[in-house]
Amino acid sequence: MSISHGRAGLSGLAIALFSLSPSLVSRSLAHEIVGNRFFPATLGIDDPGVNDELSLPTVDSFKTGDVPPVRQRDVSGEFSKRITEDFAISFGTTYTFLGPVDPTVPGANGFQNLDTMFKYRVYKNPEHEFVMSVGLGVEWGGTGSATVGADAFNTYTPTVFFGKGLGDLPDTLSWLRPVAITGQVGYAIPGRNFTTTFGIDPDTGDLTADTEFHPRVLNWGGTIQYSMPYLKSSVVDLGLPDFINHLIPLVEANLQTPVANTLTSGTLTTGTIQPGVIWVGNTFQFAVEALIPINRQSGSNVGVIAQLHLYLDDIDPRGIGKPLFGGSVQPASPFAR
């Protein structure tokens, strides 16, 4: 899941504060590590596990699919905290800047609604590098600004998350072992089926009523990743530069399909394909991806998204990075100290 805030100074400060280690061994119980597999946080969809992490900042820029299009820039942040070893709650907020391409049209800016995710890890199989979680996302209506499109009603999204590494493939397919896939499927249920706006016809003076139906939406997507840290630590050390050994190239798909109450919205699937790369360190990761709209309604050009993501369960494993009730206090990074 993803969130935004962008100041070069903040990123530089974080990088300076948290030292890195070049070694590539991991056996931690915290963070989302399943067997030898580390599942990083990705930008389009949420990762399949539960953890103590902070995404700050995430920044993006793209042109919307509106007619005429609008240049949208988002700056956001998200904090995730484990309550137990398998249950976590996250809170996120986004500040949006809308700048119309037409300079005669005024822009707008403001906060989107506050988002909360309650997530529980239901299954974890280290041998087959498989993990599954279930969650309930809540967008709290009325906490954001209507000028940037924040709804006045809550939206509830039950979601299933999964991740599968291919490390259990036979030796003949060893070069595919660094590959992993993750995915999520959610069903967004608005707390209000429709909104009716009343007005006055300027020509006749008659009372008018405009009804907008709020659809139920299938939020779905996935990633395919190739982990260079996994390649070196669990398959073969090719003697590549250390910087390369910290990279996870990936492609994400982040899609939305209205499936019910679609009288005014239609049922067209929208979303983005997001190729990019993650650089994984000892206490943080940095990721950047392109935002490629799948159709005209999804956007009018290629955008970009980037994120600094801090591993609180590795930065402070005995403090803020420890579950509130029980749990491990071991370092959480995919790199041993």
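Odds and ends about this structure:
- Flag for residue 317 being modelled with pLDDT of 95 or more, under 21 Å from residue 229 (Cβ atoms) and either buried (at least 22 other Cβ atoms within 10 Å of the Cβ) or out of contact with any His (no Cβ under 6 Å at 6 or more places or on another chain) (or both): no
- Within segment 88-127, the set of residues being part of a strand (DSSP E or B) and of a type in the set (Asp, Glu) comprises just one member, 115.
- Filtered residues of segment 190-215 (kept if part of a strand (DSSP E or B) and surrounded by 16 or more Cβ atoms within 10 Å (Cβ to Cβ)): 190, 213
- The set of residues in segment 37-87 that are part of a loop (DSSP other than H, G, I, E, B) and free of Cβ contacts under 8 Å to residues at least 40 places away in the same chain comprises 66, 67, 68, 86.
- Flag set for residue 172, criterion: farther than 30 Å from residue 116 by Cα, without any contact (Cβ under 8 Å) to a residue 60 or more places away in the chain, of a type in the set (Ser, Thr, Tyr) and not in a strand (DSSP E or B).
Rundown of residues vs (1) of a type in the set (Asp, Glu); (2) modelled with pLDDT of 85 or more; (3) crowded, with 20+ Cβ neighbours inside 10 Å, yes/no style:
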position	(1), (2), (3)
14	no, no, no
19	no, no, no
23	no, no, no
34	no, yes, yes
43	no, yes, yes
46	yes, yes, yes
51	no, yes, yes
78	yes, yes, yes
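- The selection criterion, being in a strand (DSSP E or B), among the acidic types (Asp, Glu) and at pLDDT 95 or above, holds for residue 139.
- Restricting segment 218-255 to residues that are of a type in the set (Val, Ile, Thr) and not in a loop (DSSP other than H, G, I, E, B) leaves a set whose member that is farthest from residue 293 (Cα to Cα) is 235.
- All positions within segment 256-271 that are under 18 Å from residue 293 (Cα atoms), assigned to a loop (DSSP other than H, G, I, E, B) and among the β-branched types (Val, Ile, Thr): 267, 269
- Inter-residue pairs, beta-carbon under 6 Å, first within 13 Å of residue 228 (Cβ to Cβ) and in contact (Cβ under 8 Å) with a residue 60 or more places away in the chain and in segment 271-285, second in a strand (DSSP E or B) and polar (S, T, N, Q), 6+ apart: 278/285
The values are calculated or read from the model by the stated rules, or taken from the named source; none is laboratory data. Quick caveat, the model's predicted, so the values are computed rather than measured. No Cβ is skipped: glycine too gets one built from the backbone with ideal geometry, and neighbour counts run over all protein chains shown.
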